[in-house]
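The values are calculated or read from the model by the stated rules, or taken from the named source; none is laboratory data. Quick caveat: nothing in here was measured; it's all calculated off a predicted structure. Cβ placement follows ideal geometry from the backbone for every residue including glycine, while neighbour counts extend to all protein chains displayed.
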Amino acid sequence: MVLGPVSTRKSRWLSVRIIDISRGTFGAGLLALGGILLSGCTGNGLSYFSHVDSSGESVFYAIPASWQRFSSSQVIRSVDPTLSMSSLSQIEQRVWGNIIDARQSGSLKSAAGFGASYPFGIVKAQALTTQEQDAFSLASLRTLILPTDPLASSSSSSSSSSSSSPRYKTLGYSSFVHSGGFRGSTMTVTMAVSGAATIEFEQVAMVNPTTTWAYVLGIGCTVRCFQRNQAEITSVIKSFGVEAVK
């Protein structure tokens, strides 16, 4: 699926990237297989969230208390409000995702996506199919949210020819291995799409030691918005982590 002009496609494309209903079954979510979502607020002005998937791994992050979060079931219902409870449970068995943004109020339907003038983000945990496990790499982490790999030569600002495809400029990239064998990367890029303001986007992504689950948190907005909210965006990115539940 291609990231068309951000101003017209808004958050529906982003929601579909989380849910990917056509893939069929997915990993433990809020309602299935005992998935747990914990949340809380502390005196430092941050709201903390964590989720335990069916592999026994916890993904966690924190957002400023003034930001809002849309749950996995809200995101899925925004794409197809007619889904039965059984279909919803099947989807949530293999994928869990939140949408976050810096608006103090507002619906998911009205969210403007990564082209917004306020920080907008996706948090996602998804089970990998056998085929995905066989081919999984650091490049795979870079396309958990974005439609194409920003580090691929064909995606660079100088070589992209399609007016509907993002033209990337890489501002920062590094890979890491965390304790417990979680491999991942951090990445900051700008994305230029014809007819829309240039977007700045930052993400941190990981895959578990058995290459059965992938995790990502990505935040973006217009370049001016990103620079204005840099401190808060950095705090959210740095709060993201995954660990095995003992």
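If you check VAL123, VAL75, which single one turns out to be of a type in the set (A, V, I, L, M, F, W, C), within 15 Å of the chain's Cα centre (by Cα), outside any strand (DSSP E or B) and within 23 Å of ALA205 (Cβ to Cβ)?
Of the residues listed, the single one that is of a type in the set (A, V, I, L, M, F, W, C), within 15 Å of the chain's Cα centre (by Cα), outside any strand (DSSP E or B) and within 23 Å of ALA205 (Cβ to Cβ) is VAL75.
Does segment 78-117 hold any residues that are assigned to a helix (DSSP H, G or I), among the polar types (S, T, N, Q) and out of contact with any strand residue (DSSP E or B) (no Cβ under 9 Å at 6 or more places or on another chain), and which are they?
SER86, SER87, SER89, GLN90
Consider LEU146 against the criteria (1) within 20 Å of GLU92 (Cβ to Cβ); (2) in a loop (DSSP other than H, G, I, E, B): it satisfies all of them except one. Which criterion is unmet?
LEU146 satisfies every listed condition except (1).
Tell me, yes or no, whether segment 217-234 has at least one residue that is surrounded by 17 or more Cβ atoms within 10 Å (Cβ to Cβ), closer than 24 Å to HIS51 by Cα and free of Cβ contacts under 8 Å to residues at least 60 places away in the same chain.
Among the residues of segment 217-234, not one is surrounded by 17 or more Cβ atoms within 10 Å (Cβ to Cβ), closer than 24 Å to HIS51 by Cα and free of Cβ contacts under 8 Å to residues at least 60 places away in the same chain, which makes the answer no.
Looking for whichever is farther than 13 Å from LEU141 by Cβ, at pLDDT below 95 and crowded, with 20+ Cβ neighbours inside 10 Å here; the options are VAL245, VAL193, VAL189. Which one fits?
VAL193
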